[in-house]
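Each remark here refers to the structure printed beneath this line.
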Ligand code: MN
């Protein structure tokens, strides 16, 4: 790569680029790195130039490419970031500083399970998505030039690449970086397998390439006839994906089956489908191997038509068809986003940006609905967390603002209890130090150190806080028990004598258990510690007071009662004309009760149905088929028969309300079949009771009684619906 080429490439995809920017940045980097060499003996500036070239390859915005040129000057030379800002502007400076900050942290791992946290820490430290892209370009060029390093160093860098950088490239949709990072890491980590795959691919390559070349020629001829301009190319599969497929499906190389692939890039979506038609006309499609990712994009935004056909040599050949725009997104991912932004078509790509960022976060929630695009670029995805290392390079993530004590308790409770001090990045710090991402933390312990009340102010993680509290509580438990007992007795003495005499002190242990405390002593200790007010305990010792419950809790007991309770009579005895003792079905729509004026409807096949005379359903039926509607009267009901009905009651939501209501209903001898509550409104509960009554008169009496209760705002009978018809009647 030379600077003039770089400048030309960028100008092609970004015509508005300042013609001075990249040559200026190159000259600046060249001056700063003068005299520095890379390990292979080349001049140092060649490295940032290659990194900038990679960024241009994925069509990054000009500030990113310039920052690629300058990415090592702050770290490796004595250049002041302000000088970068003076010459190239604030954005370039921010990007260079972001890259520098990320370089200072070491990301080491030997365990894949740590990689997840390391990736998160990496993201937490990047201020801007573009910083990550520049790091990816930097890493890719470093991977290309690993050779001069010692073998164990090469391995460590390759592992980091495979576990941290390649997955990030994947999540950002930058396929162009991802596959090469993977292949280079694979080559370093599994040289045997890499050589084997490359040998076997090489063995049949000439044949395969000839087949693909001929396929290209045939298809191209067809497309020319219908004037579709398309770019066709054989698509090499990358080695690591072949290896992964062999591992995943435990198949050997000979059975991979799809080493041949053809890619067709066209101008428009309709052309994609036309090309698909020609492909299927030319070659026999393999059934079930067609995927339409154009209509249904993959979660990372990837779009293409995929099909598999029988190639000219009888082997399967994969064909991918997409538009140029889809191709760009597939290869460049988030890097290309800035270019689309420039093109003034933001909304669709903002959505895509959201998808990429969501994938970075590896969570489905937590992104704001409304935002400015530029705010999205700032990566505050992990602003609530801080990531630090143990001396063994294990990553510990803690809430933002955490310090040595949080860390110590995370390691082990006893390390926390005896934490005497901490070293961060090799330097002693005080216990009120607040961590920054990437800090390496070492805790010193002492047998004489122990938690104090002050620690509670320094600790931010709730787990550590409760451990300190428990420790403090245990330490002073004896004192607290005494204080608690005194406070309790004092409160009892303050009670009016008649209330005091009613207290049942024998149930103190029960009250303790109800409050999740072991025994009386624990109860007093909790009072002494200020966790429980003596008055709370006294209230629970007063025998007539129910344990406080909300209406919603109380109603739970009734929830499934209706199903369990034997159904009240669905049929009733009626007289029609001079026929006595007819058993007829009470219709569900109007739920007639003995005492209501009624009419009968002769159903088709289900006998006679009783409706209230004013039932809307019945009136409708009567208009359509008057011959089926009959005058009815209630017959004599058996004394034991009851009928289900509903009451809706609106009341102030207070503790004990439901108990009061149910007591009143029981007094009248009416059975409650179920109860439900709607307490959505503040302080007001709507309670629905299903009761079994003998007749309308009894229901009316019940409504009248409930209406007179204190706190009850309104009571009315409502149409009864059985549970299968839904809880809320219309
Ligand atoms: Mn570098």
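Here are some notes:
Rundown of residues vs (1) in contact with a helix residue (DSSP H, G or I) (Cβ under 7 Å, 6 or more places away or on another chain); (2) at pLDDT below 95; (3) not assigned by TED's automatic domain parsing to the domain that holds residue 140, yes/no style:
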| residue | (1), (2), (3) |
| --- | --- |
| 23 | yes, no, no |
| 31 | no, yes, no |
| 40 | no, yes, no |
| 72 | yes, yes, no |
| 76 | no, yes, no |
| 83 | no, yes, no |
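- Test for residue 9: is it assigned by TED's automatic domain parsing to the domain that holds residue 131 and away from the ligand (no atom under 16 Å from the Cβ): yes
- Of the candidates 140, 149, the single residue that is over 30 Å from residue 336 (Cβ atoms), within 15 Å of the ligand (Cβ to nearest atom) and either in the same structural domain as residue 239 (by TED's automatic domain parsing) or touching a helix residue (DSSP H, G or I) at 6+ places or on another chain (Cβ under 8 Å) (or both) is 149.
- Single unsatisfied condition, residue 452 versus (1) within 25 Å of residue 387 (Cα to Cα); (2) outside any helix (DSSP H, G or I): (1)
- Failed condition for residue 347, given (1) at pLDDT below 80; (2) closer than 25 Å to residue 168 by Cβ; (3) outside any loop (DSSP other than H, G, I, E, B): (2)
- Filter pass, residue 436 being in a loop (DSSP other than H, G, I, E, B) and either at pLDDT below 85 or at negative phi (or both): yes
- Being over 29 Å from residue 324 (Cα atoms), assigned to a helix (DSSP H, G or I) and within 16 Å of the ligand (Cβ to nearest atom) is a property that holds for residue 25.
- For the range 296-317, a residue qualifies if it is over 22 Å from residue 332 (Cβ atoms) and in contact with a strand residue (DSSP E or B) (Cβ under 9 Å, 6 or more places away or on another chain), and the qualifying residues are 307, 308, 309, 310, 311, 313, 315, 316, 317.
- For the range 497-532, residues that are surrounded by 13 or more Cβ atoms within 10 Å (Cβ to Cβ) and not in a helix (DSSP H, G or I) total 6.
- Complete set of residues in the range 271-290 that are part of a helix (DSSP H, G or I) and farther than 9 Å from residue 321 by Cβ: 274, 277, 278, 280, 281, 282
- Residues that are part of a helix (DSSP H, G or I), surrounded by fewer than 21 Cβ atoms within 10 Å (Cβ to Cβ) and within 14 Å of the ligand (Cβ to nearest atom) within the range 63-83 comprise 75, 76, listed in sequence order.
- Taken over the range 36-62, the criterion of being in contact with a strand residue (DSSP E or B) (Cβ under 9 Å, 6 or more places away or on another chain) and more than 13 Å from the ligand (Cβ to nearest atom) is satisfied by 37, 43.
- With respect to the conditions (1) more than 30 Å from residue 408 (Cβ to Cβ); (2) surrounded by 13 or more Cβ atoms within 10 Å (Cβ to Cβ), residue 494 lacks only one, and its number is (2).
- Taken together, the criteria place residue 161 among residues that are within 16 Å of the ligand (Cβ to nearest atom) and either assigned to a helix (DSSP H, G or I) or within 33 Å of the chain's Cα centre (by Cα) (or both).
- Conditions (1) within 14 Å of the ligand (Cβ to nearest atom); (2) in a loop (DSSP other than H, G, I, E, B): number failed by residue 173: (1)
- Tally of residues being touching a residue at least 40 places away in the same chain (Cβ under 8 Å) and either within 12 Å of the ligand (Cβ to nearest atom) or in contact with a helix residue (DSSP H, G or I) (Cβ under 7 Å, 6 or more places away or on another chain) (or both) across the range 85-106: 4
The values are calculated or read from the model by the stated rules, or taken from the named source; none is laboratory data. The model shown is predicted, which means the values in this text are computed figures rather than measured ones. Positions of Cβ are backbone-derived with ideal geometry, glycine not excepted, and every protein chain shown enters the neighbour counts.
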